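Colleague: I'd like to ask some things about the structure below.
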Amino acid sequence: MEQIKFIFNPISFLLVSTILGCSQVNNNPTDCSEFKTGEFTFSEKSDVRIIRKDGIQKEYSTANSGFIDEYQIEWTSPCSYKLWLVKTNQSKGLDFSDTDTLFVEITSTAPKGYTYKAAKNGEIFEGQMLVVKD
């Protein structure tokens, strides 16, 4: 029985290592092309939707506030982009002006979306984007 236990432990270790090594999260993304167009949100409960298409990113609220922001998006590398505000229907309360540029780097990817680090006016923050499936 001791010999079986010895054989089982290395096999278990290899199995667990293989499963962890083939995880669904890529912490060093190289292909972010699937995030260049499509519909996204910040979380499953968020009322904000983001639509990217043809160099434009539109963000809008599905709640009562009904805001619509439009940004120009420029991909600066396979997993980095920058955004700047083109127009909005928000008269106040927007923490983004037409002179601001948001620099975003995708730091990890998964089938459901990606995590990112962003910088604007010296402020750095992190977040996630989830792909919205029909």
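Colleague: Give the lysines whose C-alpha is closer than 30 Å to that of Lys82, dropping any in the same chain fewer than 8 places away, or say none.
Modeller: Cα-Cα hits under 30 Å: Lys36, Lys45, Lys53, Lys58, Lys92, Lys112, Lys117, Lys120, Lys133.
Colleague: Then there is this: Order 118-125, 34-41 from most to least packed using the mean count of other Cβ atoms within 10 Å.
Modeller: Top of the packing list down: 34-41, 118-125.
Colleague: Label-point separation (nm) for Ser33 and Ser80, each offset 7 Å from Cα along Cα-to-Cβ?
Modeller: 2.1 nm
Colleague: Which FRET efficiency value, to the nearest 0.05, do you get for Ala110 and Asp54 by plugging their Cβ-Cβ distance into 1/(1 + (r/R0)^6) with R0 = 25 Å?
Modeller: After rounding to 0.05, the efficiency reads 0.50.
Readers should treat all values here as calculations from the given coordinates under stated rules, not as data from a laboratory. Everything quoted here is computed from the prediction, not taken from an experiment. Neighbour counts run over all protein chains shown; Cβ positions are idealised from the backbone, glycine included.
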